[in-house]
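What follows is a short report on a single structure.
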Amino acid sequence: MKMTVLTREISFQTKGNVDIIDITDKVAELLIESEPNNGIATIFVPGSTGAITTIEYEHGLIEDMKNALERLIPQGIEYKHNLRWGDGNGHSHLRSAVLGPSLTVPFSNKKLLTGTWQQIVFIDLDARPRSRRIIVQIVGE
């Protein structure tokens, strides 16, 4: 049994302001192209204003997520980060910290072992559009 570790990247543009992007198919494609048949894939966003999680990727739930984040960590209040840096994205950093920068998903026979209605999503929490890159590290045999 040979253990393999591969590191790949996914890049794309975002709109900012809780832009939720389904990256499930992109991660699945990387598994198909990779050597391991079974193992885990860790999906990670470098940076402190993005997050990786799972959700049922449908319009109603996407709106619910945006609304929930606004209720939990509102954009229009004072943040010390904004006072110091003047970039208006203090809420973005806090939202990212709550949701988290990574997710680990098992795979078998080169297929993600996610639920029927479970997609892997990147959430851009910054206050402006950005170029983003996601690191996918595949570990398996």
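Tabulated results
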| quantity | calculated |
| --- | --- |
| Residues of the stretch 31-43 satisfying the condition of being closer than 28 Å to Ser92 by Cβ and either crowded, with 18+ Cβ neighbours inside 10 Å or basic (Lys, Arg) (or both) | Ala41, Ile43 |
| Residue under evaluation Ser92, criteria (1) buried (at least 19 other Cβ atoms within 10 Å of the Cβ); (2) of a type in the set (Ser, Thr, Tyr); (3) at pLDDT below 95, criterion not met | (3) |
| Complete set of residues in the stretch 13-27 that are surrounded by 17 or more Cβ atoms within 10 Å (Cβ to Cβ) and not in a loop (DSSP other than H, G, I, E, B) | Thr14, Asp19, Ile20, Ile21, Thr24, Lys26, Val27 |
| The stretch 28-70: number of residues that are assigned to a helix (DSSP H, G or I) and either hydrophobic (A, V, I, L, M, F, W, C) or touching a strand residue (DSSP E or B) at 6+ places or on another chain (Cβ under 6 Å) (or both) | 9 |
| Residues (of a type outside the set (A, V, I, L, M, F, W, C) and either buried (at least 17 other Cβ atoms within 10 Å of the Cβ) or in a strand (DSSP E or B) (or both)) located in the stretch 1-12 | Thr4, Thr7, Arg8, Glu9, Ser11 |
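The values are calculated or read from the model by the stated rules, or taken from the named source; none is laboratory data. Just so we're clear, the structure is a prediction, and the values are computed from it rather than from any experiment. When we count neighbours, we look across all protein chains shown, and the Cβ atoms used for this are built from the backbone with ideal geometry, even at glycine.
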